[in-house]
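S.K.: This is the structure I want to talk about, given as structure tokens.
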Amino acid sequence: MVVVAVYDTKPHDCQYLEAAGAHKEIIWHFFDFRLTAATAITAKGAQAVCIFVNDIVDRPCLEILAQVGVELIALRATGYNNIDLEAAKELNLKVIRVPAYSPNAVAEHTIGLLLALNRKIYLAYNRVRELNFSLKGLIGFDLCGKIAGIVGAGRIGALVAQILRGFDMKVLVFDPVHNLDWAKKYGIEYVELPVLLKESDVISLHVPLLPATFHLLDDKAFDSMKPGVCIINTSRGKVINTTSLIKALKSGHIRGVALDTYEEEEGVFFEDLSDQILLDDELSRLLTFPNVLITAHQGFFTHEALSEIAKTTVANLQAFSQKTPFLSGTVLN
Ligand code: NAD
């Protein structure tokens, strides 16, 4: 039997985790607030915590978790930049994640954002609902024959690259790890980042957030891009320097940007703030541009992805309860 404190819980989390079974072995304590050092005391009585992308599991938080008897941190996500893994190891806290649930979900959302941004479908939808059937300002460009640059060709980036080849785009990829058989099969070319930035008409980001990818797109990177480029970010918000992005948008150098993640999304994305004042001035500024399309971190949000996240998480919590090995590839420390 294992008691699990689940943080940043939304109704779909309860629904999918409970549907994954193991009622006799797992007792869920669902909390709607995020796990931080300030809330960590609420894990008392639980042997495991289950967290999502915007919980802040830094050293002070981990110290409290260890003190109250938590032994396992189960991420119901792929990215783990919000956990201090070194501190967790020192404190003897095991960290597990869901390494791959549905790369298709994120890849397909990326393509949806690109098509909507390029053809201004979000503007057209609102316009037509107000009986404005004018096409003024809605001109897009054919993807066919243009150049796409994929930064990070892992599970998600590789799928995006393959789908874009289906549009007959030329696809350039920057990734320190080269899979030459895959590139040959799909007619995709590996290049260095400066070449990708300079040549691409569309740039899509699919890297994990690491020291090397923090603010990968900064003033210098935006300046080096082809004028009129479209940028899509479904990876992590901090891969783009928002101040630099706003500067590039104001100058007209980039044609548009679609973001599923935002640098300071914690406490904003996933929440209904429609009756509040938005305190983030950079997010407020971004929302004023007609060529900025933002979704609130919903790339993962499909039935298949949620089922897989719940299935892997529950299987690992059962393994923890029964002291059997965790699923392969899920342990981070
Ligand atoms: P992955 O680990 O399969 O692929 C990441 C790729 O990035 C790897 O091929 C790696 O070699 C490459 N990489 C690492 N450092 C790099 C660098 N400095 N420059 C270029 N490439 C680099 O991960 P994935 O499953 O494809 O996920 C990618 C990212 O997408 C995740 O880390 C996560 O941040 C994000 N994500 C977002 C959502 C969402 O809902 N929007 C959902 C899942 C994942």
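S.K.: Could I get the Rg over Rh figure for segment 152-289? Both from C-alpha atoms, Rh via Kirkwood, rounded to two places.
M.R.: Result: Rg/Rh = 0.99.
S.K.: Sticking with this one: Over the chain, what relative contact order in percent results from Cα pairs under 8 Å that are six or more residues apart? Display every interim value, and only then the final one.
M.R.: Numbers: 608 pairs, mean separation 59.5, N = 333.
Relative contact order for the chain comes out at 18 percent.
S.K.: Less than 16 Å apart at the alpha-carbon level, and either on another chain or at least 8 residues along: which aspartates and glutamates does that give for Lys89?
M.R.: Straight-distance partners of Lys89: Asp58, Glu63, Glu71.
S.K.: Please tell me which of these pairs span more than 18 angstrom C-alpha to C-alpha: Lys226/Lys250; Lys170/Lys238; Lys198/Lys238?
M.R.: Violating the 18 Å Cα-Cα cut-off are Lys170/Lys238; Lys198/Lys238.
S.K.: Further question on the same structure: Assuming a viscosity of 1.306 mPa s and a temperature of 10 °C, what translational diffusion coefficient in µm² per second does Stokes-Einstein assign to the chain, Rh being the Kirkwood radius over Cα pairs?
M.R.: 75
S.K.: Still on this structure, I have one more. Ignoring any ligand, DNA or RNA, what whole percent of the accessible area of the chain comes from carbon and sulfur when the probe is 1.4 angstrom?
M.R.: Carbon with sulfur: 56 percent of the solvent-accessible area.
S.K.: Tell me which residues come under 5 Å, amide H to amide H, from Ile231 once H is placed; ignore anything under 5 positions away on its chain.
M.R.: HN-HN under 5 Å from Ile231: Ile203, Gly256, Val257, Ala258.
S.K.: Additional query: Within the set Lys10/Lys323; Lys44/Lys311; Lys146/Lys184, which residue pairs have Cα atoms separated by over 23 Å?
M.R.: Distance filter (> 23 Å) returns Lys10/Lys323; Lys44/Lys311.
S.K.: Which far-off residues, 5 or more places away or on another chain, put their amide H under 5 Å from the one on Lys226, with H placed in the peptide plane?
M.R.: Ser200
S.K.: What list of ³J(HN,Hα) couplings, whole Hz, do you get for segment 274-289 from phi and the Karplus terms 6.51, -1.76, 1.60, once you set θ to phi - 60° and write x for glycine and proline?
M.R.: Running phi through 6.51 cos²θ - 1.76 cosθ + 1.60 with θ = phi - 60° gives 5, 9, 10, 8, 6, 8, 8, 5, 6, 5, 4, 5, 4, 5, 8, 7 Hz.
S.K.: What is the helix-to-structure angle for 155-166, meaning the angle in degrees between its Cα long axis and the longest Cα principal axis of the chain, kept from 0 to 90 and rounded to the nearest 10?
M.R.: So the helix axis and the longest Cα principal axis differ by about 30 degrees.
S.K.: In whole Hz and in residue order, list the ³J(HN,Hα) couplings for segment 315-331 that follow from phi through the Karplus curve 6.51 cos²θ - 1.76 cosθ + 1.60, θ = phi - 60°; x for Gly and Pro.
M.R.: Calculated HN-Hα couplings, in order: 4, 6, 5, 5, 4, 4, 5, 8, 6, 10, x, 6, 4, 5, x, 9, 8 Hz.
S.K.: I've got another one for you. What's the center-to-center distance, using Cα atoms, between segment 83-131 and segment 32-54 in Å?
M.R.: Centre-to-centre distance over Cα atoms comes out at 23 Å.
S.K.: Let me ask you something else. Under a plain spin-label model, where a point goes 7 Å from the Cα along Cα-to-Cβ, how far apart in nm are Leu278 and Ser251?
M.R.: Taking the simple label geometry, Leu278 and Ser251 are separated by 2.4 nm.
S.K.: Moving on to the next point. Local charge sum around Val191 (other residues, Cβ-Cβ under 13 Å, Lys/Arg +1, Asp/Glu -1)?
M.R.: -2
S.K.: Please calculate how many Å² of accessible area the chain carries per residue, with a 1.4 Å probe and no DNA, RNA or ligand atoms counted.
M.R.: Heavy-atom SASA per residue in the chain reads 48 Å².
The values are calculated or read from the model by the stated rules, or taken from the named source; none is laboratory data. None of the values given here were measured: they were computed from a predicted structure. Neighbour counts run over all protein chains shown; Cβ positions are idealised from the backbone, glycine included. Heads up: the accessible areas ignore ligands, DNA and RNA and are worked out on the full protein's heavy atoms, side chains in. Shrake-Rupley method; radii C 1.70, N 1.55, O 1.52, S 1.80 Å.
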